Amino acid sequence: MPPGTPSAGGGGIAKPLPPQWFLRHGGNAEMRWDTLAGTGLHTPNERFFVRNHTRTPRIDQETWRLRVHGSGLRGPGAVFSLAELRALPAVTLDAVLECAGNGRRYWSEQQGTPAPGTAWGLGGVGMAAWRGVPLGELLERAGLGPAAVDVLPGGLDPEYRAAGRNLGRVRRPLPIGKALDDVLVAYEMNGQPLPPDHGGPARLVVPGWVGVASIKWLGSVEVADRPLESPWTTAYYRLFGPGQPAGGGPALTRQTVKSAFELAPGAVLAAGRTHRLRGRSWSGAAAVRAVEVSTDGGRDWYPAELLDPPSRYGWRRWAVDWRPAEPGRYGLRARATDLLGRTQPAEAPFNREGYLFDAVVVHPVTVV
Ligand SMILES: Nc1nc2c(c(=O)[nH]1)N[C@H]1C(S)=C(S)[C@@H](COP(=O)(O)O)O[C@H]1N2
Ligand SMILES: [Mo]
């Protein structure tokens with residue numbers, strides 16, 4: 001089928017991007033944390049961040065097909081229409097989706113070691129209820145064989161050009177073990193048909209993994225009896241630099257632990273009053289177990305009140321009361337720990353592309 005025609009939306013994004021909800025980075029849109037308070041546990045679709053390598057394609061739901069093929073299948077494979085997908089047993093899963101570059105700005109702002117690429121604050125993340133068919137179910141129906149090793153989902157958006165080269169359509173392999181574990185082919189987001197900017201009519205959702213694994217506008221899935229690679233596992237989305245093997249680290253998989261305040265950077269708060277500081281924390285590896293907040297430069301830490309039950313792949317909201325006595329500038333800190341004991345360090349080890357910034361972010365506020 002044709003790749004679809006570009007949409008007319010700003011910077012290739014179809015949905016409106018009101019500045020009170022989004023910060024623009026070229027063709028990407030970052031969610032603003034300061035206006036998230038009161039929106040509920042799930043990020044509303046219209047506020048969800050967008051990360052496009054090129055632009056949001058327009059895809060006709062009637063003619064859209066998902067093709068499953070490759071040497072790891074016993075037969076010729078299978079083709080699914082959207083109606084066929086919707087007729088299969090469905091599951092709904094709360095999962096955070098986060099760009100591996102989320103927080104990249106803090107490599108320079110906080111650690112003095114800038115990294116190239118989109119300068120996301122902490123808004124390259126969102127949490128939705130994804131509904132769809134387990135990828136494993138589709139692979140079984142397509143004739144999954146015992147020799148399958150890797151699975152390569154491919155997008156229908158335009159080919160991606162970088163540094164004068166055409167890298168082809170966005171695609172990124174994942175091991176069969178993960179594919180059969182908890183990966184979804186999602187066609188609904190928060191109870192609505194998957195919006196065009198988020199991969200409609202169907203996308204992959206790879207829970208806990210770097211956002212790039214969750215291929216949007218899914219058109220094909222190759223199942224191979226040998227390891228596969230793509231520029232998104234070789235050139236991008238791996239760690240290069242100090243502490244990494246000479247040729248770079250392995251392809252990124254799980255996300256790290258992070259926390260964000262539902263506050264604007266530089267927010268102004270009144271002295272001598274009690275403020276309810278709110279935020280959210282998440283981890284790619286396990287549910288968040290605890291969140292602590294410091295208002296005095298990281299000397300003392302107080303437990304935040306967790307407002308949601310633990311969620312394997314979702315985030316948890318939290319709140320803590322703060323009564324600043326004295327006017328001045330403060331750096332608020334929030335630090336989460338997950339059920340595996342992973343926590344946020346004071347400093348993140350540098351990597352050249354600036355992925356996986358997981359250090360405690362110092363959130364500046366002014367008390368007057
Ligand atoms: N086909 C395709 N899939 C894609 C991308 C893309 O540009 N094309 N971007 C990836 C990246 S880097 C991220 S972080 C997420 C962003 O998903 P969202 O735009 O729905 O928030 O989609 C991933 N899937
Ligand atoms: Mo990303």
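The values are calculated or read from the model by the stated rules, or taken from the named source; none is laboratory data. In this text the structure is predicted, and so the values were computed from the model without any measurement. Note that we place each Cβ from the backbone using ideal geometry, even for glycine, and neighbour counts take in every protein chain shown. What goes into the accessible areas is simple: the full protein's heavy atoms, side chains included, and nothing from ligands, DNA or RNA. Shrake-Rupley method; radii C 1.70, N 1.55, O 1.52, S 1.80 Å.
Would you point out which residue out of PRO245, PRO324, PRO309 is free of Cβ contacts under 8 Å to residues at least 12 places away in the same chain, of a type outside the set (Gly, Ala, Ser) and farther than 24 Å from LEU97 by Cβ?
Exactly one residue qualifies, and that residue is PRO245.
Name every residue in region 168-225 that is among the aliphatic types (A, V, I, L, M) and on the phi > 0 side of the Ramachandran plot, in order of residue number.
none
Would it be correct to say that ARG278 is in contact with an Asp or Glu (Cβ under 8 Å, 6 or more places away or on another chain), outside any loop (DSSP other than H, G, I, E, B), charged (D, E, K, R) and not assigned by TED's automatic domain parsing to the domain that holds GLY38?
It is true that ARG278 is in contact with an Asp or Glu (Cβ under 8 Å, 6 or more places away or on another chain), outside any loop (DSSP other than H, G, I, E, B), charged (D, E, K, R) and not assigned by TED's automatic domain parsing to the domain that holds GLY38.
Could you identify the single residue in GLU188, GLU159 that is acidic (Asp, Glu), within 18 Å of PHE80 (Cα to Cα), open to solvent by 10 Å² or more (accessible area, probe 1.4 Å) and in contact (Cβ under 8 Å) with a residue 40 or more places away in the chain? Steps first, answer last, please.
On the way: GLU159 fails: within 18 Å of PHE80 (Cα to Cα).
Answer to the selection: GLU188.
Scan GLY154, GLY126, GLY101, GLY136 and give me the residue that is within 11 Å of ligand 1 (Cβ to nearest atom) and under 23 Å from ALA224 (Cα atoms). Before you say what the answer is, go through the steps one by one.
Numbers: GLY126 fails: under 23 Å from ALA224 (Cα atoms); GLY101 fails: under 23 Å from ALA224 (Cα atoms); GLY136 fails: within 11 Å of ligand 1 (Cβ to nearest atom).
Unique residue meeting the criteria: GLY154.
Just to be sure before I move on: is LEU139 touching a Phe, Trp or Tyr at 6+ places or on another chain (Cβ under 7 Å) and of a type in the set (A, V, I, L, M, F, W, C) in the structure I sent?
Judged against the criteria, LEU139 is not a match.
Within region 199-231, how many residues are open to solvent by 10 Å² or more (accessible area, probe 1.4 Å) and β-branched (Val, Ile, Thr)?
Final tally of qualifying residues: 1.
Looking only at region 248-275, which residues are part of a loop (DSSP other than H, G, I, E, B), of a type in the set (Ser, Thr, Tyr) and crowded, with 20+ Cβ neighbours inside 10 Å?
Scanning region 248-275 gives a single hit, THR256.
Looking only at region 347-368, count how many residues are in contact with a Pro (Cβ under 6 Å, 6 or more places away or on another chain), assigned to a loop (DSSP other than H, G, I, E, B) and open to solvent by less than 10 Å² (accessible area, probe 1.4 Å).
Residues flagged as in contact with a Pro (Cβ under 6 Å, 6 or more places away or on another chain), assigned to a loop (DSSP other than H, G, I, E, B) and open to solvent by less than 10 Å² (accessible area, probe 1.4 Å) within region 347-368 amount to 1.
Among the residues of region 23-79, write down those that are more than 16 Å from ligand 2 (Cβ to nearest atom), in a loop (DSSP other than H, G, I, E, B) and open to solvent by less than 50 Å² (accessible area, probe 1.4 Å).
Answer for region 23-79, where residues must be more than 16 Å from ligand 2 (Cβ to nearest atom), in a loop (DSSP other than H, G, I, E, B) and open to solvent by less than 50 Å² (accessible area, probe 1.4 Å): LEU36, THR39, GLY40, LEU41, PRO44, ILE59, TRP64, GLY70, GLY72, GLY75, GLY77.
Which of the residues belonging to region 200-219 are of a type in the set (Gly, Ala, Ser) and within 7 Å of ligand 1 (Cβ to nearest atom)?
GLY211, SER214 - these are the residues of region 200-219 that are of a type in the set (Gly, Ala, Ser) and within 7 Å of ligand 1 (Cβ to nearest atom).
Mind telling me which of the residues ALA29, ALA95 ends up being among the hydrophobic types (A, V, I, L, M, F, W, C) and without any contact (Cβ under 8 Å) to a residue 60 or more places away in the chain?
Matching residue, one of ALA29, ALA95: ALA29.
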